[in-house]
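To start, the structure itself, in structure tokens.
The values are calculated or read from the model by the stated rules, or taken from the named source; none is laboratory data. Since we're looking at a predicted model, the values are computed, not measured. Quick reminder, even Gly has a Cβ in these numbers, built from the backbone with ideal geometry, and neighbours come from all protein chains shown. These accessible areas exclude ligands, DNA and RNA; they are computed on the full protein's heavy atoms, side chains included. Shrake-Rupley method; radii C 1.70, N 1.55, O 1.52, S 1.80 Å.
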Amino acid sequence: MRAHGKRKPQSEEREAAGRVPPASAPVQRMLALQRTAGNAAVSRAVEAERHAHGPGCGHAEPAAAPERRPQTQPSVQRAPAPSVQRTVWQFEPGSSWTDPVTGHQARWQSTTDPADVRTSAQLGIDARSAPVAGDTYDDATREVHSSANADFSRKGTVSDQRYPGRELQARRALVEAKQRIATALAMLKAAGDRPGGPLLAALHSGFPAFRTASPQQIAELLPRITEVVSRIRAGLNAEGAKIALAGRDAQDDPTVKAWVDPGPRDYLTRLTNPNQMKSEELPTMDAGRSGPIHLMESGQSAWYLVHEATHRFAGTLDYQYSPYEDELKEESFEAGMAGAVGPGEAAERDRAMIGKRAVRPPGQYTGQHESQPAMQRNWYALGRRALMNADSYAQFILTATGAPTPRT
């Protein structure tokens, strides 16, 4: 409902001519991952496949292979991992030439090479819908992420001078949120019921109970997460999705950065079930709210848009806000302290820091929105509640798509 605090806040190869043999199942999965999650995920998957276990790598040693006779042929050196190319393009206004397809004074600029500028025609983009500043085109998935579908308005006092800049910032944040949501959803679908690598690390980060869950338990819970992510993607992509840029006079609580107004069902639940937040019984996803997603100027980021979209389109609650930023700051502080204390003390401090992030029994959850340090204890005691906790989805989606993941 209300998001508090502050948050900080990516080329598919052209098809070869001629006939080629069908790819094996592992190769098909890798190609699907490349098309959806992008090169970073592919590179990490390839690296994991080729990783050689050894002392200090953090993994269990593989079982010893049966002894074999020496080979008479020379050994073949393994080829280096392939370099997979991918570019994301951003639509920018104000260029000195007119796009011949759209007729707009604008250009698509590479996010990795700002000097590389293309037209919609050169990128092969369907230009029936005019792009909006901040839109992106991912040439790995051939998908445009746009804010053109959204209906932007004002809530409270927002001056005419401030509004254009705020709308542009909010559009960019919406595009980033859409791109991250699409990538996370593609990763979930590609993984099936056996997530690994960056996806599993992100699940552990946003839904701590996954760390102690069995593979079967994880498989049983993933469909709900996939459904929530699917709903927020469809909701934010729907024509006329409503975003209201709010002035300070639109909100009584100065700590609120974004919110969606509660509906009649929310008020009724508060009256008839005051202990709902303490219960491990999850609310239905059909309890989504109506009206716009409200964004204060400080809440115009992908994190807040994902958070509020889960309220708006999937009926999530605010069981507990995430200690994500506090944990990243803590790690930065401890890294700086490592050189000022002895190795023994540094190791002990590190163990204490990680110990505070241990998964706790769900019965230790207080049923209230806590502040630090109780916030952190509450977060790790969410249990299954995290499956309908708005900040859990914001943390999962952002970390799955490249944001730093606090150590555990």
Exercise. Restricting attention to segment 357-400, which residues are part of a loop (DSSP other than H, G, I, E, B), within 27 Å of ALA335 (Cβ to Cβ) and open to solvent by 30 Å² or more (accessible area, probe 1.4 Å)?
Worked result: ALA358, VAL359, ARG360, GLU370, SER371, GLN372, PRO373
For this session: Report whether or not THR366 is β-branched (Val, Ile, Thr) and farther than 14 Å from SER205 by Cα.
Result: yes
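Quick check on segment 254-267. Is at least one of its residues of a type in the set (D, E, K, R), farther than 21 Å from GLN395 by Cα and open to solvent by less than 40 Å² (accessible area, probe 1.4 Å)? Show your work before the answer.
Quick first cut of segment 254-267, residues of a type in the set (D, E, K, R) only: 257, 261, 265-266.
Next, only the ones that are farther than 21 Å from GLN395 by Cα stay: 261, 265-266.
This time we only want the ones that are open to solvent by less than 40 Å² (accessible area, probe 1.4 Å), so: 266.
Looking for residues that are of a type in the set (D, E, K, R), farther than 21 Å from GLN395 by Cα and open to solvent by less than 40 Å² (accessible area, probe 1.4 Å), one finds at least one in segment 254-267, hence yes.
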Problem set entry | Among (1) modelled with pLDDT under 95; (2) open to solvent by less than 40 Å² (accessible area, probe 1.4 Å) - the single one ALA202 does not satisfy | (1)
Problem set entry | Residue list for segment 212-222, filter: open to solvent by 30 Å² or more (accessible area, probe 1.4 Å) and either at pLDDT 95 or above or in a loop (DSSP other than H, G, I, E, B) (or both) | SER214
For this session: Please find, within segment 314-356, the residue that is farthest from SER290 (Cα to Cα) out of those that are open to solvent by less than 50 Å² (accessible area, probe 1.4 Å) and of a type in the set (Ser, Thr, Tyr).
Result: TYR324
Exercise. On the given criteria, is SER298 at pLDDT 90 or above, open to solvent by 10 Å² or more (accessible area, probe 1.4 Å), outside any loop (DSSP other than H, G, I, E, B) and among the hydroxyl-bearing types (Ser, Thr, Tyr)?
Worked result: yes
Exercise. Conditions: (1) of a type in the set (A, V, I, L, M, F, W, C); (2) in a helix (DSSP H, G or I); (3) open to solvent by less than 50 Å² (accessible area, probe 1.4 Å). ALA403 meets all but one. Number of the miss?
Worked result: (2)
Exercise. If you go through segment 184-196 one residue at a time, do you hit one that is buried (at least 21 other Cβ atoms within 10 Å of the Cβ), modelled with pLDDT of 90 or more and part of a loop (DSSP other than H, G, I, E, B)?
Worked result: yes
For this session: Enumerate the pairs (first residue in segment 314-335 and assigned to a loop (DSSP other than H, G, I, E, B); second residue anywhere and among the β-branched types (Val, Ile, Thr)) with beta-carbon separation below 6 Å, excluding pairs fewer than 6 apart on the same chain, so at least 6 apart or on different chains.
Result: THR316/THR310
Exercise. If we keep just the residues of segment 136-181 that are surrounded by fewer than 21 Cβ atoms within 10 Å (Cβ to Cβ) and of a type in the set (A, V, I, L, M, F, W, C), which is nearest to LYS257 (Cα to Cα)?
Worked result: VAL158
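From the list GLU227, GLU280, pick out the single residue that is acidic (Asp, Glu), within 25 Å of ALA381 (Cβ to Cβ), in contact with a Pro (Cβ under 9 Å, 6 or more places away or on another chain) and open to solvent by 10 Å² or more (accessible area, probe 1.4 Å).
Details: GLU227 fails: in contact with a Pro (Cβ under 9 Å, 6 or more places away or on another chain).
Going through GLU227, GLU280 in turn, the sole match is GLU280.
Criterion first (modelled with pLDDT of 95 or more and not small (Gly, Ala, Ser)) does ARG128 satisfy it?
no
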Problem set entry | Test result for ALA241, in contact with a strand residue (DSSP E or B) (Cβ under 6 Å, 6 or more places away or on another chain), at pLDDT 95 or above and farther than 16 Å from LYS189 by Cα | no
For this session: Determine if segment 231-247 includes at least one residue that is within 14 Å of GLY315 (Cβ to Cβ), β-branched (Val, Ile, Thr), more than 23 Å from the chain's Cα centre (by Cα) and in a helix (DSSP H, G or I).
Result: no
For this session: Please indicate, with yes or no, whether at least one residue in segment 100-114 is open to solvent by less than 70 Å² (accessible area, probe 1.4 Å), at pLDDT below 80 and either in a strand (DSSP E or B) or on the phi > 0 side of the Ramachandran plot (or both).
Result: yes
